[in-house]
């Protein structure tokens, strides 16, 4: 009987010892819901595991709380997305494209003229003359440009009146049934009131403008994207020197531009976009976003991240 009680006491002792040791070792009960796919993050959000749960953050180019994310249309922000010609929004991003006769610069936003005359003389039989956004063919003395605007025809004393008369057409001369001539213009030009000259429009080579072209009765007027200023040639756009002094005449415009830049910066830095970059709580203020952390976590020097206290207390 004594041996039985001794065995029972020994078993009880070992059981209590095992229970105490198990209690002394913390159990890792955290389940990585991001890894097993049981999180509720949106398809356009990033899931980040935390010691007790997980958090969702919308990817760059999207806005929302992580559980619901929607695409940011960058073409509606920062003056056409910063594109000088056309801005094309795509999910999570955007892409700038240029009009015909231009190519995209290395910065991905500006548009530069394509010199068509470099390649096979622009297809011109005689002389190719490059211009902003376009080009034109010209003929040597004694020749005139054919209707295709590329080949040159020798002037003849005999033949059609368009060949042997000073018809005065700026572009294309056509014979009329009554034996006279009628002038026509190349695509992108309009016939002048004198029925001889041709007026350039924005439909041809962007009107010779590098950035923005506006049609007027006197012809195209060129303007530049807000980050650029018009060159003295009236066509080319050069990047602004924001440190350059402003004259009193431009003070109102300058203040308006500064106000736009401030509003744009505040618009881009908001808790509505990726939670302001904060790991936990985000609060909008007049100077930008302010991040804070829950109890048990400390805000890191970057002002965004939260880190859990490292130590156990016994």
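Quick look at the values:
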| quantity | calculated |
| --- | --- |
| Qualifying residue in the range 126-147 (condition: within 14 Å of residue 83 (Cβ to Cβ) and touching a strand residue (DSSP E or B) at 6+ places or on another chain (Cβ under 8 Å)) | no |
| Hits in the range 134-157 - residues which are surrounded by 14 or more Cβ atoms within 10 Å (Cβ to Cβ), more than 30 Å from residue 236 (Cα to Cα) and more than 41 Å from the chain's Cα centre (by Cα) | 143, 144, 146, 152, 153, 155 |
| Which numbered condition residue 125 misses (of (1) under 33 Å from the mean Cα position of the chain (by Cα); (2) crowded, with 16+ Cβ neighbours inside 10 Å) | (1) |
| Strands (runs of 3 or more DSSP E) (entirely within the range 115-158) containing at least 2 residues that are closer than 14 Å to residue 101 by Cα | 127-131, 134-138 |
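The numbers here are math on the coordinates, done by the rules we state, and not lab data. Given the structure is predicted, the values throughout are model-derived calculations rather than measurements. Please note: Cβ atoms are built from the backbone with ideal geometry, for glycine as well, and neighbour counts cover all protein chains shown.
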